[in-house]
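Worksheet: one structure, shown below.
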Amino acid sequence: MRKYILAVICLTTAYSAQAQFNLGMHQFTGVPQSTYTNPGILPQARFFIALPSVYVNYYNPTFVADDIIREVGDTASMLDFSKLYNENPGGTFGFNIEQQAELFHVGFRIKKKNFISFGAYQSLQTGVRLPVDLLRFVQEGSTSSYFQNNPVSLDGIDINIQSYVAYHIGFGRQFNEKWSGGLRVKFLNGLVGAGTEYSRGSLTMNMDSIRIASDFRYNTAGVQRLDNAFGFLGGDGIAGGFNVSEWFPSTGNTGMAFDLGVTYKPISKLIISASATDIGSINWQNSLLSFVSEEGEYVYRGGELGGADDGDPFAGIADSIQAAFNIQQIEGKAFTTQLNSRYIFSASYELLPNTFVGGIYSHNVFSGITYPAFTAFAQTKFWNLLFLRANYTVSSGTFDNLGGALAINLGPLQIFTVADNLMALADQGNVSSFNVRLGANLVFGMRKPRGKKNQDIDLD
Amino acid sequence: MKRFKVRTFNLLWVSLAAATLLSGCLKDKYKPGNFIRPDWEPGFGLPLATVNIKLANLLENDSTLNIDSLDQSVGIVFKVDTIASQDLSDVFEVPAQAPTTTSLTLGAIEINDFGTSESVELSDLTGNLDPATGAAIDSGINSGFPIPFPPIPEQSGGVYTLPAITEFGQVLFSKGGLRITIQNGYQTTLDSVVIELSNSNPPSLLGVARFGNITANDSASQIIPLAGLTMQNTLDFGITKISSAGTGLVPAPMSDTDALVLTISGDSLEVIGGSVKIPSQEFDADTTNIDFATTDNEEIYTIELANGDIDFNIVSSIATQIVLNISMPTVTRGGNPINDSIVILPNATTSETISLAGATIDLTNDPNQPFNIFPVIISARLDSSVGLALIDSSNRLDITTSFGNIDFNTVLGYFGQKNIDIDESIIDLNLSFLKDIGGSIFLANPTIKLDVTNSIGAPIELTLNMEGRTIDGQSVGLNAPAQVLPFPASPNSPPATGPLQYDRNNSQLPALLSMPPDTLISAGRIVLNPQGNQGLNFVTNNSSIFISLEADLPFELSASDIAFGDTIEFNAAEELNGIVEAKMRFRNTNGFPFDMDLELIFLDNMAAEVHRISAPLVLSGQVDATGRVTNPTTSLTEVLLARAAMPEILKAEQLVFRLRMSTSLLPSGDRQVVKIYTDYDLQMKLGLEATVRVGDLIGN
């Protein structure tokens, strides 16, 4: 059972990690990974080697913890979905989780104006959308007054997963005192992909009958890898051997993506930048498997008893359902998934030496849905030892996203952490999004502090 | 200032603080350990089953099940091929017949004619006369010429012996006499002659014959009666007196050969003993009536035998061969009387068997007793003996007559009025299940039919005494009338068949079967010729009575509170875990003519009732006057395990469920009598609505 739960968690964490803003890293040039939001902004280090780091992002635009947790007395809490389904009857709920693990990343400056980097990271993006009627069904049952007039909606069930390994190489250049730009090319090796092509259905359940209508198609690719890992399709699971090394050879599900960025420094203290990241897609064309049902309806009116040759009156239910929906596991058709593209526009002003304030507009387009976000930030550094930053982000109607970033250089060893929503720590019940990146780098040749000779566009 | 802050800001502490912030410190509200189980109580409706009970489907193919081909009504019919097989012996049997002994005594017999004679010449006589008379006669003989025959004064004339008789040695006569004839060859009239006849050895007088005035050359006869006398075959006769006046002056030739001839012969003699030559002779026929025995004073008129013998055993003490002629004029074969002859050797035992196979015995020829008797006529013939034979009139033939291997085809007669009791038998009906279901069932129209196959030609009346009893002492009798079994009209008729029926019109069978009885006591009586002699009875060698039983129990009944149910282990706390309320709904369309009530009784571990649910479950279909459902009835019933009752219900460890069935209650207070047909059906849609407490379903 735990294997299935794990599998569901994997499947429900991602493809649409649509709201991974990660804006706390933007223009935080003391940390080399800042180039992930704009390859046109060159890092301060002349040479770096990224040590393994991890990035986790959670985003839930449909509810917060306080929507589903009710205090009982002074010390106890209890799950209660009533607010969720009463405020959005017939709607859906869901969440997105993104995970990224940097496998290796190396960058170095050439002739002061050019910066080349290359590396690889693994990314897992999941997204889950489920009908809130399911929550009402669990909490109130089929006898709920709501269900007297409405069936339990199974429409809009959307479970997406996209996991890939990106091999990237980037090039940035300081064109002149005002302009710089960069390009990162990513070669993508899709590991596991799954998406709901369409899903419609309903459930009516009362003493007279159970009526199920369903019509869905789920496309997957590479789920055998999950099966190998978790065994939910009958594989050996972990017991059969979970070997990470199997995940890196080409799976045949390849793609390509680009990150583009440019900065412009119209005056000495103002920097304007624009970037587009993760412009690309993965073509899933290998290890394809689709789960398809025909549009059908199954009605169960109870076992038929009383015949002369009654056997088990319930024995044929599974067959009947199968016949009604003709659920098949077929070899799927190739499909393409887009990466979660982001378009970031920012401006910063050096308010004090080495201290900047700025704003970021992030235009996130995921599956055709735009998730805009605006971030105001202020950052400073103390010599090249300590880098601090504070963010305030407004996104998806939430206004309490106060984040920060911290990087400490202990010699060549740099430890850093970035979080977009530190308020989540204080107001845990109203967290709709939270991301954090933790990692370490070996950085060399950090550029001199402001005041020294420095011709580059420099935000530190 | 910046420099100071940085310096005083311990980098390690900054790192730790950041880590702490990032890892988060959950508020109590969100700590998993503070979460309690949800208090959700969702309710779920489930269609459990659609029960479509068609009686036709429930009826298993069973030999006792009877579905009327015309109206499809249902009942039980069971048959017992032979519940009684009455042997012919119970009605009639031919007993072993005792031998009949008849003695034929020889009695007096006739003997052959016999005779003998002796001449007493004149010269022999003169020697036995007084000398003077003798000399006078001798002188006349010697004179050579006729001279007057001298007078013979009365005197004896001497004793003479007769030649021996060959027809017997010595005999005792019972009748008749001996004729003595005297031929007077003397030439003078004998005025008197007296003859004494005696056995020679030992001498004994047989008789005296007196003659007088027998002229010359004349004769005279006299008979000496011999009845009661024994006579030997050698006889003496003495002339005890002889006298003659002589010829006086008339010369008469005299010769010494002139003789007085004495002749004797039997006259109507019958011998009863002695040693004789027995002549062939016939005895008178003797008729013996054979009394054909019966076991119980049956009167038999005619027996047609398939097999059988009549045996004669004859012991003869008669010293000569006898031929017996046996005639049975009323025992015929092919219309001809059966006769036979038996040769009986002297002083021997002889057996003879006469077959009666295929014979018909008419036993009605005795006008005084025109039944059970038939005559056997025996006549005897003595064959002449080769020599002398000792006979005694008491010699006899002892004739013993007996029957063997009697096997009849047909017996006609009057077998009498007999009472034959049928032994009581107790049948344990094993109907305990009827008691278990409680209530009462009244079978309105049961029928028990006894199919009789009878080839005994006599009126037989059956009185069936049947009584149902319960353990508590209640009893109901069948109270059925006596009924006469069918019987064939004649011996050549096929066996008569027909039913004896017991039903609600002639008995209390419905009440008896509806008790229901624990045991059935069955007894009875068979009466043969209940009205006496009303006509000819008959049996054949394979006559019998077979009675088979056919019980027809149509499901035409009324019922009151008959209950089906069971008690099951029911750990409510476990079975109903999480359920705070439940409702079971029955949407019924009932085509059966029964109201059905559901009763659920919850019992705790001490078998004490903790909760009871009673609900009318199904309403009877509409029934017409004939008891047939014409329209089904639709009803909706909900059985509720109420929230308030759940605490008590959860104590239950056993569940008693009962289904009570009744036919409709009429205004009269009686229950409607209904009929069951195969097209009855019950459609029942079962739905369950349960409210569960999710928190109870979640494990710790």
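What follows is calculated from the coordinates using simple rules that are stated; it is not laboratory data. Keep in mind that what you see is a predicted model, and the values were worked out from it rather than measured. FYI the Cβ positions are ideal-geometry reconstructions off the backbone, even for glycines, and counts take in every protein chain you see.
Here's how it looks for A:ASP155: its modeled amide H is under 5 Å from those of A:GLY201, which are all 5 or more places away or on a different chain. Using C-alpha pairs under 8 Å with a sequence gap of at least 6, the mean separation divided by the residue count of chain B gives a relative contact order of 16 percent. Between the alpha-carbon centres of the stretch A:92-109 and the stretch B:347-380 there is a gap of 135 Å. Using equal-weight Cα scatterers in the Debye expression, the normalised intensity of the stretch B:334-469 in log10 at q = 0.14, 0.15, 0.21 Å⁻¹ is -0.98, -1.05, -1.46. In the protein assembly as shown, taking the dipole from charged Cβ atoms about the Cα centre, the farthest positive-side position among B:ALA458, A:MET78, A:HIS168 is held by A:HIS168.
Let me check I've understood the local charge: for B:LYS449, count other residues with C-beta under 14 angstrom from its C-beta, Lys and Arg +1, Asp and Glu -1. What total comes out?
Computed value for this residue: -3.
Provide the gained length on full extension for the span B:ASN571 to B:ASN307, in nm with one decimal, where the gain is 0.36 nm per separating residue minus the Cα-Cα distance.
On the way: separation 264, 0.36 × 264 = 95.04 nm, distance 8.13 nm.
Gain in length upon complete extension: 86.9 nm.
The residues packed around B:THR294, meaning those with a beta-carbon under 12 Å from its beta-carbon, carry a net charge of -4 if Lys and Arg are +1 and Asp and Glu are -1.
Rounded to the nearest 500, what is the 222 nm mean residue ellipticity of chain B from helices alone, with -39500 (n - 2.57) per DSSP H run of 4+ residues and division by all residues?
Numbers: 10 runs with 67 residues, N = 700.
It comes out at -2500 deg cm²/dmol, rounded to the nearest 500.
Would you work out the charge dipole size for the protein assembly as shown about its Cα centre, treating the Cβ of every Lys and Arg as +1 and the Cβ of every Asp and Glu as -1, and quote it to the nearest 20 debye?
On the way: 69 positive and 117 negative charges, 3484 e Å.
Magnitude of the dipole: close to 16740 debye.
Hey, how much of the P(r) for the stretch B:255-345 falls beyond 17 Å, as a percent of Cα pairs?
On the way: 2895 of 4095 pairs.
Roughly 71 percent, rounded to a whole number.
With K and R counted +1 and D and E -1, the other residues having a Cβ less than 15 Å from that of B:GLY266 yield a net charge of -2.
Suppose every K and R has +1 on its Cβ and every D and E has -1 on its Cβ; what is the size of the dipole of the stretch B:286-356 about the Cα centre, in Debye to the nearest 20?
Details: 1 positive and 10 negative charges, 79 e Å.
About 380 debye.
Volume of the convex hull of the stretch B:169-222 (Cα atoms only), normalised per residue: 92 Å³.
Its Cα gyration tensor gives the stretch B:502-550 an equivalent ellipsoid. The semi-axes, each the square root of 5 times an eigenvalue, are 32, 15, 10 Å from largest down.
From the largest down, chain B spans 243, 69, 41 angstrom on the principal axes of its Cα atoms. Compactness of the stretch B:554-609, taken as the C-alpha radius of gyration over 2.2 N^0.38 Å, stands at 1.59.
Size of the stretch A:63-179: Rg and Dmax of its alpha carbons, in Å, are 24.1, 74. Computed from Cα positions, the angle between helix B:11-23 and the longest principal axis of chain B comes to roughly 50 degrees.
Since only A:ILE360, A:THR393, A:GLY403 are under comparison, the one whose Cα sits farthest along the positive direction of the charge dipole of the protein assembly as shown, derived from C-beta charges on Lys, Arg, Asp and Glu, is A:ILE360.
For the stretch B:581-700, the percent of C-alpha pairs falling in each 10 Å distance bin, counted from 0 to the bin holding the largest distance, reads 13, 33, 27, 18, 7, 2, 0.
Taking the stretch A:350-432 on its own, what percent of its Cα-Cα pair distances exceed 20 Å? Walk me through the numbers on the way to the answer.
Numbers: 1517 of 3403 pairs.
Cα-Cα pairs of the stretch A:350-432 separated by over 20 Å account for 45 percent.
Measuring between alpha carbons in the structure, the pairs from A:LYS83/B:LYS31; A:LYS83/A:LYS333; A:LYS381/B:LYS29 lying more than 29 angstrom apart are A:LYS83/A:LYS333; A:LYS381/B:LYS29.
Working note: Cα atoms of the stretch B:38-150, range along each principal axis, descending, whole Å: 192, 40, 15. Checking the Cα-Cα distances for A:LYS112/A:LYS265; A:LYS112/A:LYS186; B:LYS175/B:LYS241; A:LYS112/A:LYS178 against a 20 Å cut-off, the pairs over it are A:LYS112/A:LYS186; B:LYS175/B:LYS241. Normalised Debye scattering of the stretch A:67-123 at q = 0.30 Å⁻¹ gives log10 I(q)/I(0) of -1.11, counting only Cα atoms as equal scatterers and leaving out solvent. If I fit a long axis through the Cα atoms of helix B:131-143 and take the longest principal axis of the Cα atoms of chain B, what angle between them do I get, 0 to 90°, rounded to 10? Once rounded, the angle reads 70 degrees. Each 5 Å bin, from zero up to the one with the longest distance, holds this percent of the alpha carbon pairs of the stretch B:338-403: 3, 10, 19, 21, 15, 12, 10, 6, 4, 1. Taken over the stretch B:209-260, the ratio of Cα radius of gyration to 2.2 N^0.38 Å equals 1.56. Quick one: check the C-alpha center-to-center distance for the stretch B:211-250 versus the stretch A:160-193, whole angstrom. Result: 197 Å between the Cα centres. For A:GLY296, nonlocal amide neighbours, meaning residues 5 or more places apart or on other chains whose placed amide H falls under 5 Å from its own, are A:SER214.
According to the Cα gyration tensor, what semi-axes, each the square root of 5 times an eigenvalue, does the equivalent ellipsoid of the protein assembly as shown have, listed from largest to smallest in whole Å?
Numbers: eigenvalues 4981, 225, 95 Å².
Whole-Å semi-axes of the equivalent ellipsoid: 158, 34, 22.
Proximity of backbone amide H atoms, modeled 1.01 Å from N, is registered between B:THR105 and B:LEU397 at under 5 Å, excluding neighbours fewer than 5 places apart on the same chain.
Centre-to-centre, using Cα atoms only, the stretch A:120-157 and the stretch A:247-302 are separated by 25 Å.
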